[in-house]
Amino acid sequence: MEGHEAYISGFKILPNKNILSYSEDKTLRIWDKDSYECLAVLEGHEGYIYGIEILSNNNIISYSKDKTLRVWDKDSYECLAVLEGHEDSIEYIKILPNQNIASYSNDKRLRIWDKNSYECLSTLKGYYYKCGGIKILGNQNILAHSDNNTLKILERYSYKSIKTLDVNSISINILVNDNIALLSKVSPKIDILDKNTYKCIVTIDKNNIDKYYYELTSLDDILDSKDFIYANYFKENHLSIIDKKTNQKLQWHSNYKPEVNALLGEAITINDGENGRILKVIKQKQ
């Protein structure tokens, strides 16, 4: 599959199973799922394309270094709208539960765009994607990480800030019980915040995570279940398994490449990362 004239930043499988690729050559390309021939070249961006998302109506939205987002028709691949307003490159977008679009830019603005008209509904100052981006809470309010070591809880309809949390974290994630996990920027620990009070209820520190904590650079490396948190360290072939209630490390494997592969009812399997063989089965608490 050839055609792009610069580095391919990424690709996504479309709902119709065709393939969409986007590139630093400022174009997107659609490839046939069977023949892999190029069906369309989507042109219009004037800078590197950093990413794309699929909207609820299956149209495509792309975002770029050129400070714009573009919406493309799912069938004709024609450009339907250009979303302008950011003053620097757009680093990230998130489709919100109500299908409106949130965009982060290097201009330290978070903008919310209407899903139908693509008009800008709100512009929020002081938000920076590299500090952690957006997460959706269990009540569908928005958790946004800003550039001054704060987390802001935004009301899901008005997008107004209803609470500010002073934190110093490099990564955030929402656990399966809707509590919030924060990976500290300055010390080796993970704080778990209560989903209702936003107060810290558990701290997993270096005594539990061990020295390999420093291999964990993002909470995307954290897997979560009802009772346990799993921190994978692929470089050192280690896996920490931490009990949520007691904050104690339950298992530590170091002679193979471990993976928490699947949830099987109330049990979790730990598999060899090379051949998939089940190494251990841990039953969750009743």
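Miscellaneous remarks
- Residue within the range 58-75 that is over 26 Å from H145 (Cα atoms) and without any contact (Cβ under 8 Å) to a residue 12 or more places away in the chain present: yes
- Filtered by the rule that a residue be more than 17 Å from L193 (Cα to Cα) and in contact (Cβ under 8 Å) with a residue 24 or more places away in the chain, the range 141-156 gives D147, R156.
- Flag for D66 being modelled with pLDDT under 95, over 24 Å from N16 (Cβ atoms) and part of a loop (DSSP other than H, G, I, E, B): no
- Residue satisfying all of: in the range 114-139; assigned to a loop (DSSP other than H, G, I, E, B) and modelled with pLDDT under 90; surrounded by the most Cβ atoms within 10 Å (Cβ to Cβ) among these: G132
- Any hit, the range 77-84, residues being of a type in the set (A, V, I, L, M), more than 23 Å from G126 (Cα to Cα) and open to solvent by 50 Å² or more (accessible area, probe 1.4 Å): yes
- Hits in the range 43-58 (condition: within 15 Å of I19 (Cα to Cα), open to solvent by 10 Å² or more (accessible area, probe 1.4 Å) and not aliphatic (A, V, I, L, M)): E53, N58
- Taken over the range 78-93, the criterion of being assigned to a loop (DSSP other than H, G, I, E, B) and either at pLDDT below 95 or closer than 20 Å to Y104 by Cα (or both) is satisfied by E84, G85, H86, E87, D88, S89.
- Residues (open to solvent by 60 Å² or more (accessible area, probe 1.4 Å), in a strand (DSSP E or B) and modelled with pLDDT under 95) located in the range 1-42: I8, F11, K12, I13
- Lone qualifier among K67, K94 - being touching a His at 6+ places or on another chain (Cβ under 8 Å), closer than 17 Å to S122 by Cα and either open to solvent by 40 Å² or more (accessible area, probe 1.4 Å) or among the basic types (K, R) (or both): K67
- Those residues of the range 48-62 which are in a strand (DSSP E or B) and either under 15 Å from the mean Cα position of the chain (by Cα) or among the aliphatic types (A, V, I, L, M) (or both), in sequence order: I49, Y50, G51, I52, E53, I54, I60, I61
The values are calculated or read from the model by the stated rules, or taken from the named source; none is laboratory data. Everything numeric here is computed off the predicted structure, so don't read it as measured data. Because the Cβ atoms are built from the backbone with ideal geometry, glycine has one as well, and the counts that use them run over all protein chains shown. Surface areas here come from the heavy atoms of the whole protein model, side chains and all, with no ligands, DNA or RNA. Shrake-Rupley method; radii C 1.70, N 1.55, O 1.52, S 1.80 Å.
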